[in-house]
1. Out of the stretch 113-127, which residues are part of a loop (DSSP other than H, G, I, E, B), surrounded by 13 or more Cβ atoms within 10 Å (Cβ to Cβ) and either hydrophobic (A, V, I, L, M, F, W, C) or over 22 Å from the mean Cα position of the chain (by Cα) (or both)?
2. For residues that are more than 25 Å from Arg83 (Cβ to Cβ) and within 13 Å of the chain's Cα centre (by Cα), scanning just the stretch 51-73, find the one that is surrounded by the most Cβ atoms within 10 Å (Cβ to Cβ).
3. With (1) modelled with pLDDT of 95 or more; (2) closer than 18 Å to Arg83 by Cα; (3) of a type outside the set (Gly, Ala, Ser); (4) buried (at least 19 other Cβ atoms within 10 Å of the Cβ) as the list, and Val163 as the residue in question, which single condition is left unmet?
4. With among the hydroxyl-bearing types (Ser, Thr, Tyr) and in contact (Cβ under 8 Å) with a residue 40 or more places away in the chain as the only criterion, which of Thr157, Thr128, Thr135, Thr153 stands out?
5. Residues that are in contact with a Gly (Cβ under 6 Å, 6 or more places away or on another chain), farther than 28 Å from Asn115 by Cβ and assigned to a helix (DSSP H, G or I): does the stretch 190-207 have at least one?
6. Across the stretch 128-174, what is the number of residues that are over 26 Å from Ala192 (Cα atoms) and part of a loop (DSSP other than H, G, I, E, B)?
7. List every residue pair whose Cβ atoms lie under 6 Å apart, where the two residues are 6 or more positions apart in sequence or sit on different chains, the first residue falls within the stretch 219-238 and is surrounded by 12 or more Cβ atoms within 10 Å (Cβ to Cβ), and the second residue, located anywhere, is modelled with pLDDT of 90 or more and part of a helix (DSSP H, G or I).
Amino acid sequence: MNNSVSNTARLIGAGLRALLVLTLICGVVYPLAVTGIAQALFRDRANGSEIKNGSGAVVGSSLIGQRYDLPKKDPDDAGETPRPDLKWFQPRPSNGLGSNSVNTRYSLILSGATNRSADNGAVGGRCTGDAEEGTLCAQVVAARAAVVADNTTGSYTVRPEDVPADAVTSSGSGLDPDISPAYARIQVHRVAERNGLDAGQVERLVAEHTRGRTLGFMGEPRVNVLELNTALRALTGS
C-alpha cells in the first residue's frame, strides 16, 4: 500500500515538473524567441504591414483593401449604396459574403467570394445588358458601365473594351489591396482632374507604386491602392 502511494506521488510529481517545464518552454521561451526574431528581422510584417501617412498616423495595412466612398446622405440608412469618392483611386469591387457594422471603412466582415460561375447570367454565352438582375454577368455589366462613366473626362475617353477584369470583379477574398496597372492607368485622368493635378504627375505616381512579379515570375504586376492614395494625399496636401 505504501509503495502504491509512493509510486503515485512520484508519478504526480514527475507530471507536474513536466507540465512546468513545458509551460515555460512552449508558453514563455518559444513565444518570446519567435517574437524577438520577428521584430528583429521582419518588423514591418510582424506588426501588420502598417501604412502610415506623412504625420506618422497609421492609415491601414498594405494587406487589406479599403474603400474610398463619399459619406452617406443618411448615415442611419443601411440600405443606401455608397458612392465612390472619385478624387481617389478606387479598389476592386468588394462583393463579399457579409455586411460590416464594425469597420465601416470596408463593406465586409466575412471575406470570401460569391462562388458564382463565370457564365452566371450569361445570355447566348456572353454577358450582356439583358443579364438577369443579381447574377454575376449583371454585376459585371453594371460595374463596367460605371468604370467607363466615372473615368471618362473631357480629354480622355475610356472604352468598354479597355476595362480590365479586376475593375469589375472582386477577388477570392474580397479584400484584395491591389489593382492591376491597367486599372490604375484608366483612373489617372479622372484623379488628376478631380485634384487639379497634371496627368503626367499622377502617371508618375502610379509608375512609382507599381510592383513587378514576385521574384520576377510569380503573380502579376500590381499597384497597392492604399499606398498609392497615401502618396496622392501627400502630393495634393489634402
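The values are calculated or read from the model by the stated rules, or taken from the named source; none is laboratory data. This structure is a prediction, so every number in the text was calculated from the model and none was measured. Because the Cβ atoms are built from the backbone with ideal geometry, glycine has one as well, and the counts that use them run over all protein chains shown.
1. Ala113, Asp119, Asn120, Gly121, Ala122, Cys127
2. Here the residue is Ser62.
3. Result: Val163 passes all but (2).
4. After applying the criteria, what remains is Thr153.
5. Scanning the stretch 190-207, I find no residue that is in contact with a Gly (Cβ under 6 Å, 6 or more places away or on another chain), farther than 28 Å from Asn115 by Cβ and assigned to a helix (DSSP H, G or I), so the answer is no.
6. Qualifying residue count for the region: 12.
7. Cβ pairs passing all conditions: Pro221/Pro181; Val223/Pro181; Val223/Ala184; Ala231/Leu205; Thr236/Asn195.
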